[in-house]
Each structure stands twice: as structure tokens, then as C-alpha cells.
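Report on the structure given below.
Each value in this text was obtained by applying a stated rule to the coordinates, not by laboratory testing. Keep in mind it's a predicted model, so treat the numbers as computed, not measured. Cβ placement follows ideal geometry from the backbone for every residue including glycine, while neighbour counts extend to all protein chains displayed.
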There are 2 protein chains.
Amino acid sequence: MEILEGSITAPAGFAAAGIHAGLKKAKKDMAAIVSACDAVTAATFTTNKVKAAPVIWDQGVLKGGMARAVIVNSGNANACTGEDGLRDAETTAGIAASLLGTEKGKVYVSSTGVIGVKLDMERIVSGVRTLCPLVSADGGHEAAEAICTTDTFTKEAAASVMIGNVKVTVGGMAKGSGMIHPNMATMLSYITTDAVISQETLQHLLGATVEDTFNMISVDGDTSTNDTCIVLANGMAGNAEILYGTKEYEEFSEAFRHVLGTLARMITRDGEGAGRFIEMKVSNALSKEDARKLARSVVSSSLVKAAFFGSDANWGRIMCAMGYSGADFDPSLVDLSFTSPAGTIEVVHSGDPVPFDEDEAKRILLEKEITVAADCHQGASSAVAWGCDLTYDYVRINGDYRS
Amino acid sequence: MEILEGSITAPAGFAAAGIHAGLKKAKKDMAAIVSACDAVTAATFTTNKVKAAPVIWDQGVLKGGMARAVIVNSGNANACTGEDGLRDAETTAGIAASLLGTEKGKVYVSSTGVIGVKLDMERIVSGVRTLCPLVSADGGHEAAEAICTTDTFTKEAAASVMIGNVKVTVGGMAKGSGMIHPNMATMLSYITTDAVISQETLQHLLGATVEDTFNMISVDGDTSTNDTCIVLANGMAGNAEILYGTKEYEEFSEAFRHVLGTLARMITRDGEGAGRFIEMKVSNALSKEDARKLARSVVSSSLVKAAFFGSDANWGRIMCAMGYSGADFDPSLVDLSFTSPAGTIEVVHSGDPVPFDEDEAKRILLEKEITVAADCHQGASSAVAWGCDLTYDYVRINGDYRS
């Protein structure tokens, strides 16, 4: 696998653009991704019972099985907008389809921003008219900018892998920041690839990869109304079809997982107000599901997150969060340690506190990237989850204005 | 029912005391509750897999069915302290038992404070020796002070009710503040009554009442290792035994529910750093369980809590939190409104946004006590949950020092 610069336009046959359509005051607020030909598509959406209108539209596109384009707007989530919202999503897809010479059923639509306010369709329609002729292979970064809300940097990743003697590329972009929590982490993400792969295989790969990437991150425990991860595979690499269970599938998975994992970690690094990046590694748990529950519970705990904000080696809160995770494990067997570029310190051994030097612990926890390792000493399953600290800025960002 | 001043010593035959034993720097840190005779006992404990040593000890006391006293310390949770912790809990009970002329199996022990540090048994033992001779019918308030950690005020409540022509009294005290979340809300609480009632009936009443009181509050989503609610019923009122399903049971329930409900609301009012008290009322849900899930999810959402901190009528986050609650409901039927002493404002009607005056909304949400009402228009079940806003102070309290 080769890690590449670039993002959604790295694979062959994808073009993109990002513009300011007037939904936000000054920043870019609309993006388009267009494939040169019909692409096989897979997707996962929010598990929230309150689904934004574009999510409902996109579930129909996914059923159709083929897609040509995605239109995204930021600044307004088109959620809790009733029948009008659904009609607006369909209208947006329809206008893009006519401009791109395809059917509206092949155009995904995404929205992110404030909930409960109807879309300004005049600006959306004029935005789509500007966007569609503008897409190019150089437009990936601008598209990544246009989908941001409170994000402080764009999330982009790409990788390539040889399938036989054909180079196949995967690219992706995401937006995150607030309302980020496991169960289809609250975010928008778009993955493109020029691989030849069937819809069934692609959907299977997406489901398995999301479990270990986007579903293992948490910023604030809120699962949004708009969570979306859409994959387009246009086949333009011309490789022999990637079949489930083959060596080629594993190789392709590696690149796919790199892109989704990189985007997921970028989202937590850029959590609203986050000052520290927390990686929680659970090993030797009884089952994969137990390992996942333990890791996710720790990065989701407000008390753990506040302790990391204060660089406090408060491992009791970590044991506590593992305890209420719902996972099966024996607390009396657990080893726990903190690691950062400044060193490693063990704080619990076989469930018992290990005396440690508070100054050394502080030095380790003052770093910006910290790994917590919990060894359960019971089974052979492991999992990793990613999160961030809880800061004054999180409260300010989410208390001071409607977002 | 008559609402009374006082707390755990309001019922006949209960004495209490609170002292400074040196576990905390200056504040009171040990309390005792003593019944004049053996009392029937019921209790519920944390669902956390990591249980503090005193919780494990207390589960044994509960099995015995009768109790005489409770010894509580703050400043140290005696959690994650291994075999030593269990021995320390037993030693504490044993010393109190010999001073009170009872068996150690009839003495409950509770601890609250930092996790993972062994108890200073010298101070605990000397504390118990000071406490036991000191208990009196006037000591309820001092005991309530001594169980506090980051609490800013004591939580005390009492009520009486006539059973036949005999007055029966219920009293209670609690500590809360951090690590407060549904599923045996993270807190210590002690309920006393002079009622004649069987253990089975008392345990049933406790389970049912906790469901609608302590289990409906949330401060920060963390379920602690030490959650405890202990009830002692010493029978000294001399009423005819309260039997399940009778009119007398209902009357006694009312007083019991008043005490637990009052303590639960006090805990959220005093949530760490809390500036606002949020009441979430769900009506006409499909089932009681759906109503509970909806109400709890809203008061537990970091994004909702941050919006209340900013007095922002961000009802979209409320719909979103209802959506991921796991409850069965139809978002398109929901009515949503905010009420405070400054007025009422409807923001959603049949799932559609209702245009409202932002200044009026701000005026309503600037009040200290706010009720959110969600009418599901689907069934006949209702539930109420209580929470607080997420503030800079919560982050400061939990980030700045180990608690």
C-alpha cells in the first residue's frame, strides 16, 4: 500500500468542486463530487430515529445501486424540516442530475449544520448551477473545505494498492467536529475509488471497516441526525474484479481501512474545543464486542475526558467507565498504563493500584497525544477507540451560538 | 401526606452524627446513622462492574435482611483497592458493631471520594469511635454535611403520612454532584422510616420508586462504582403492617416517593458546575419504557446541556437526542415546548418547526429552572427526567483536581 497526497479526486475519473453559495456568511458551503461514469455505491447512515431529509433521500439512491454524483451543503442540516425538507432534497438532486446528464436517482445529497431551519432553496439551486460545471480533478481540497462546519482543518486521505499489476486508488474526505459518537459516528464522509468491485462486496467491506474506524470515535456522545458515509466505486482502474475473501480483497481492504481510519482519527483530533487526542487500546478481552465496548466507553466518558483536560492521571475514572460499559470483564485482572511521547507509566496491575510518580505522570499527560492501554488478561480480542478531552472551548462553542 | 423539616432522624428511633475525622482537610467527612433497634432493610447498588469494596460488603448485609447502622466516609471511595479494601470495609463495620452492641453483619458501610487510594484506617477507626457515642436525634443535618464531596448544599427531605390513625414518617439524605447518571444514579442516599413493613414489600417499593426518581436524573453520564441507596425501616411507629397492593401501601408510597424524588431533584440542582435545572417531561409515549428512554436521553446529551448553558432554544438537539434514545416514537407527531417562570413557548408542532420570537425564547431560557415538554401523541405513557446544564465550571471542577 502506498499512502498518497490528495483525497476524493485521487482515484481516476473523479472530479470535485467547493464554492461559497451564500448559506454561510463567508466560508465555502457547497461541494460536489462527480464520477465520469456510473459508479457502484455503498453507504451507511445514522441510526438516529430522527433522520434528516437528505438521509432519507440517500437511502433511496443506495437501493438503486448506482450513483454518479454527491451534492453537499454545510450551514443547514435540512433536518426536522418535514415534507418541505424531503422535497428540497429531491429538487437538489434533480437539478444536479439534469446538469450532469443523469437521473436524479443517481445523485446523493447531504446537508450539515443547524437543525430545524428550512433550506434556502434559491441559494442551493444557484449553488448547484455554479458547482456542476466547475468540477475538476483539482477540486478535492476545495470540496473538503466546503463541507466543514466548526471543523478547524479539512479531513482528507488517499492510498493506492496494486491489484495484480493494476494500481487501484482510494480517496476520502470527511467533516466532523461536534455531535460525534459511535454508531455511525456523527459526521459526513465520502470515499471514492476507481476499483472494479461489486456492490455487495463493497457494502460488506464498508460495514466491516466502519465498525473499526468511524464507529470507534467519540467527541461528545451525541449521534446526529445526518451521519452519512457514502462510497462510490467507478471501476475506471480496470483491475480484475475484487472478490470477497481473496488476497486481493485483503490488499484492497488495507488501503480502504487506511483512508477511513485516517479520516476517523482526524475527526477526533479536531473534536470541538479538543486540546488532546486520546487513543484507548484494549487487549486480551473475552470477545471483540467486549473489547469495543470497553474502549468506546472510556473515550466517551465526560469525567475521563475532563481528567485528560487537566492532565490528571485519574485512572479510577477509566476503570469506572470500563465498569459501566456493559462489557464482560474481570476488573481484578486488568493492567492499565498511560503512554505519550514523554514516556510510559503503569498505574494499575492485576486490578491493584501501582504507586507512581505524580510528576512523571503529569509530564506524560501534558503531551497532546496520549494512549491508554488496558490489558484484560482474559481472552484474545482487541479494539482501539479514539476520542478527545473535554474543554472550556467545547462548552463555549456549543453554548454560545446555535450550531 | 405532610411534608416535614428534617431528614434521616425525623422518623422515631433514628439517631445520627457527622464529624471531621481527618480524611478531608477541614470539612466533615464521616457520618453514622443508628436505629434504636434492628431495622428491616432494603437497598439498591451500582450496576457498574467495578464495584467499590463497601458495595460488596453491603450486598452481604442486605442478604442478611436486618440492619442497625450505617457508617459513611467521604474523601475516599475505597474503590479499586483490591483485597485490602474489602478487609477495611469489614473492619469498619466490625468496630461500629462492637461499639453499638450488634453484629458486624448488621452494619452497612459506604465510601465516596477518590478512586484507587487505600483508606486511612487509623483515621477511619478513630472516626468510628468518636461517631458512635455521638449520635442523636439532632444529628441528621451534620450527617448530611459529612457525606458531601463537591456538593454545595446538603440534600435532606422528610414526610409523614397517616396509616390508619398512626403517623408514619420517612426521612432521607443524599450526596450527589459528579458521576451522576441513570441506572442507580451515581450517588449515596439513605432513607429511614419508622413504618412496620416487611423486607419484601420494602424492597419492591424501593425498586419501583428508584425507577422514577434516582434513575431519572443525570449530571454527566457516568455511573459510579459506589452508587448506593439504603433503606432502614425500624417499625417504631407501631402501625399495622403495610401490605403490598393496599390503600395504605399507596399512601406510604406517596411519602416515600416524595422523599426520594426531592433528593433526586436536589442532586441535579447541585450538579457539578450546574447553573440551570432542566426538567424533561415526556407524555403520550407508546410505553413507560419509551417515555423513560426519551426523557433520559435528552437530559444526558452534552449538546443539549451546552445549549441550555447558552440559553439557546436549540430544539433540534432535543429532537436529535430523542432520536438516538433507542425509544420507539414517530418524530413527525411530536410537539415540543419550553416553559419557565418567564412563560411558555412552543417550538415544534407535529414534528414541524414553529416560528418563534428569539427574544421571548431567550427570556424564558435565561431562567434558572426550565421545563421541556414533549408530547408524542402516540400512547398514554409519561415520564419525567431531571438534569442540568453543562458549564465551564463542570470542566474546571473535573479537570483541575482529582475528585
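For region A:137-142, take each phi angle, set θ = phi - 60°, evaluate the Karplus expression 6.51 cos²θ - 1.76 cosθ + 1.60, and give the result in whole Hz per residue in order, putting x for glycine and proline.
In residue order, the calculated couplings are 5, 9, x, x, 5, 5 Hz.
When the label point is put 7 Å from the Cα of B:K167 along its Cα-to-beta-carbon vector, which residues of region B:3-29 have a backbone N closer than 18 Å?
What the label zone holds, given the 18 Å backbone N cut-off, is B:3-15.
Between rounded, prolate and oblate, where does region A:106-219 land on the alpha carbon gyration tensor, with a ≥ b ≥ c its root eigenvalues, rounded for a/c under 1.5, else prolate if a/b exceeds b/c?
Oblate is the answer for region A:106-219, as a/c is 1.5 or above yet b/c matches or exceeds a/b.
Say each of A:A26 and B:H377 gets a label point 7 Å from the Cα, pointing the same way as Cα to Cβ; how far apart are those two points in nm?
4.3
Determine ³J(HN,Hα), in whole Hz, for all residues of region B:156-170 in sequence, where each value follows from phi through the Karplus function 6.51 cos²θ - 1.76 cosθ + 1.60 and θ = phi - 60°; x replaces Gly and Pro.
Running phi through 6.51 cos²θ - 1.76 cosθ + 1.60 with θ = phi - 60° gives 9, 7, 7, 7, 10, 8, 8, 10, x, 10, 10, 7, 10, 10, 10 Hz.
Taking only C-alpha pairs under 8 Å that are 6+ residues apart, what is the relative contact order of region A:277-400 in percent?
44
Nearest 20 debye, what's the magnitude of the dipole of the protein assembly as shown about its Cα centre given +1 on Lys and Arg Cβ and -1 on Asp and Glu Cβ?
Using only the charged Cβ atoms, the result is roughly 320 debye.
Which of B:R87, A:R317 has the fewest other C-beta atoms within 10 Å, and how do the rest follow up to the most?
Working: B:R87 15, A:R317 29.
With the sparsest Cβ surroundings first, the list reads B:R87, A:R317.
Scan around B:S198 for amide H atoms under 5 Å from its own, H built in the peptide plane at 1.01 Å from N, and keep only partners 5 or more places away or cross-chain.
Result for B:S198 returns B:I242.
Over 30 Å between Cα atoms: which of B:K104/B:K155; A:K63/B:K305; B:K118/B:K305; A:K28/A:K51; A:K288/B:K118 fall into that group? Mind showing how you got there, number by number?
Working: B:K104/B:K155 28 Å; A:K63/B:K305 37 Å; B:K118/B:K305 35 Å; A:K28/A:K51 25 Å; A:K288/B:K118 33 Å.
Over 30 Å Cα-Cα: A:K63/B:K305; B:K118/B:K305; A:K288/B:K118.
Mind checking which chain B residue has its Cβ closest to the axis relating B to A, and how many whole Å off it is?
For the rotation taking chain B to chain A, the closest Cβ gives B:Y392, 3.
Can you list the residues, at least 5 places off or on another chain, whose amide H is less than 5 Å from the amide H of B:D227, using H built in the peptide plane?
Answer set, sorted by chain and number: B:T46, B:M187.
Residue-wise, which Karplus ³J(HN,Hα) couplings in Hz belong to region A:363-373, taking 6.51 cos²θ - 1.76 cosθ + 1.60, θ = phi - 60°, and x for glycine or proline?
Running phi through 6.51 cos²θ - 1.76 cosθ + 1.60 with θ = phi - 60° gives 4, 5, 7, 6, 5, 7, 10, 10, 10, 9, 10 Hz.
Sequence-distant or interchain residues sharing an amide H contact under 5 Å with A:S111, placed H: which?
Those lying under 5 Å, H to H, from A:S111 are A:N73.
Along Cα→Cβ at 7 Å, what distances in nm separate the A:D138 label point from those on the other copies, shortest first?
Result for A:D138, in nm, nearest copy first: 8.7.
List the relative contact order of region A:277-322 as a percent without decimals, with contacts defined as Cα pairs under 8 Å and 6+ residues apart.
It rounds to 34 percent for region A:277-322.
Distance cut-off 20 Å, Cα to Cα: go down the list A:K281/A:K368; B:K247/B:K281; A:K24/A:K368 and report the pairs above it.
Checking Cα-Cα distances, B:K247/B:K281; A:K24/A:K368 exceed 20 Å.
Counting only C-alpha contacts under 8 Å and six or more residues apart, can you give the relative contact order of chain A as a whole percent?
The value is 17 percent.
Over chain B, with a Gaussian network built from C-alpha contacts below 10 Å, which listed residue (B:F252, B:F214, B:F14) shows the highest mean-square fluctuation?
B:F252
I need the shape label for region B:277-400. Rule: rounded when a/c is under 1.5, else prolate if a/b > b/c, else oblate, with a, b, c from the alpha carbon gyration tensor. Don't skip to the answer; put the middle values down first.
Values: a/c = 1.99, a/b = 1.28, b/c = 1.55.
Here region B:277-400 falls in the oblate category.
For region A:362-389 and region A:244-304, what is the separation of their Cα centres, given in Å?
Distance between centres, Cα-based: 11 Å.
Kindly work out what percent of the DSSP beta bridges joining two residues of region B:53-115 are antiparallel, to the nearest 5.
On the way: 1 of 9 bridges.
Percentage antiparallel, nearest 5: 10.
Looking at the square roots a ≥ b ≥ c of the eigenvalues of the Cα gyration tensor of region B:324-394, which shape do they give, rounded for a/c under 1.5, prolate if a/b is larger than b/c, or oblate?
Since a/c reaches 1.5 but b/c is at least a/b, the shape of region B:324-394 is classed as oblate.
Provide the percentage of antiparallel DSSP beta bridges, counting only those with both residues in chain B; round to the nearest 5.
If I count the DSSP bridges inside chain B, around 70 percent turn out antiparallel.
How big is the antiparallel share of DSSP beta bridges in the protein assembly as shown, given as a percent to the nearest 5?
If I count the DSSP bridges inside the protein assembly as shown, around 70 percent turn out antiparallel.
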